[in-house]
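Beneath this line is the structure, given in structure tokens, with notes to follow.
Only the coordinates and a few stated rules stand behind these numbers; no lab work does. From a predicted model like this one, the values you see are computed outputs, not experimental measurements. Here Cβ is always computed from backbone atoms with ideal geometry, including for glycine, and neighbour counts include all displayed protein chains.
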Amino acid sequence: MNLKRKVEIAVISDVHLGAKACYAKQLLTYLNSIAPKTLILNGAIFDASALKKKKFPKSHLKVLNKIKDYAADGTKVMYITNNDKTHHQFINGEIDNISIINKLVIDLDGKKVWFFNGDVFAFYFEKSRWLKTFKNSSFSTFLLFNQYTNWVLNKLGNDKFLLQKNTKTNLKSDIKYIAEFEKTVTDLAIAKGYDFVVCGHTQQPKILTINTKKGKTTYLNSGDWVENFTALEYQFKRWKLYNYKNDKLSPFFADMDLKDMTTQNLIAALTIV
């Protein structure tokens with residue numbers, strides 16, 4: 001019996017594969033639970049420091065292998081790159097049936113939808129202390145420290161402390177710049193006549209409809225898989241935020257084996273500078 005949920009579109013972003021603090025097993029469990037027609041990888045799939053070393057833990061390779069299997073089995077997989085030079089030679093190309101692009105605009109049930117990671121507007125965050133920390137390679141250490149903190153708190157019987165979330169929400173400047181990011185993106189979407197704009201980058205999962213004198217659009221952010229464990233799903237002509245923490249996925253343990261090591265070739269191709 002096939003228990004997988006059918007999803008027309010699934011969107012994940014800000015996974016940071018290769019980082020020690022990446023929750024690859026949870027992501028693989030989620031991917032094993034759905035049968036999407038289209039899977040959109042909306043930026044920040046790899047950790048910056050891991051790209052340089054091109055070394056990934058086995059659990060992270062399983063995620064890549066799952067994505068490759070999706071593409072081989074007929075799911076349309078689209079990889080939207082970050083605004084850097086890492087993947088520029090592959091943009092508008094295809095590797096193992098995975099399309100590599102820097103943005104995507106589609107017509108979806110009569111609505112125009114704009115997908116892009118959002119780091120092209122990173123200048124809004126240059127004054128933001130927390131996001132500077134996030135953008136550099138030390139962020140892996142930052143998250144690893146958070147994991148250790150939560151392990152200690154768990155032993156003491158206390159609730160988890162979400163270092164990323166608490167650090168961000170306690171910095172008024174970061175809230176301000178995230179709001180400016182969202183305003184800039186939605187203003188641009190309205191100007192271009194897009195009904196929906198789907199981003200990543202800020203790691204703040206959200207669905208928000210914006211009305212202005214110039215028009216209307218809906219802003220969607222898929223969040224991340226380093227702390228929020230969220231994705232966006234489109235089915236039955238509507239968008240929803242999926243939250244792994246609120247789901248029960250017992251039939252879909254992340255125990256699949258790597259079928260072959262051609263995934264290594266995919267990594268090499270996607271990470272050549």
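Computed values, structure above
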item: Segment Val120-Leu104, extension gain: residue separation times 0.36 nm, minus the distance between their alpha carbons; result: 4.4 nm
item: Efficiency of FRET between Lys37 and Asn246 - r from beta-carbon atoms, R0 25 angstrom, step 0.05; result: 0.60
item: Fewest-first ranking of Thr218, Thr202, Thr184, Thr212, using other Cβ atoms within 10 Å as the exposure measure; result: Thr212, Thr184, Thr218, Thr202
item: Ranked list, fewest to most other Cβ atoms within 10 Å of each Cβ, for Lys54, Lys68; result: Lys54, Lys68
item: Ranked Ser13, Ser59, Ser33, criterion: other C-beta atoms within 10 Å, fewest first; result: Ser59, Ser33, Ser13
item: Between segment 92-120 and segment 1-77, the Cα center-to-center distance that results, in Å; result: 17
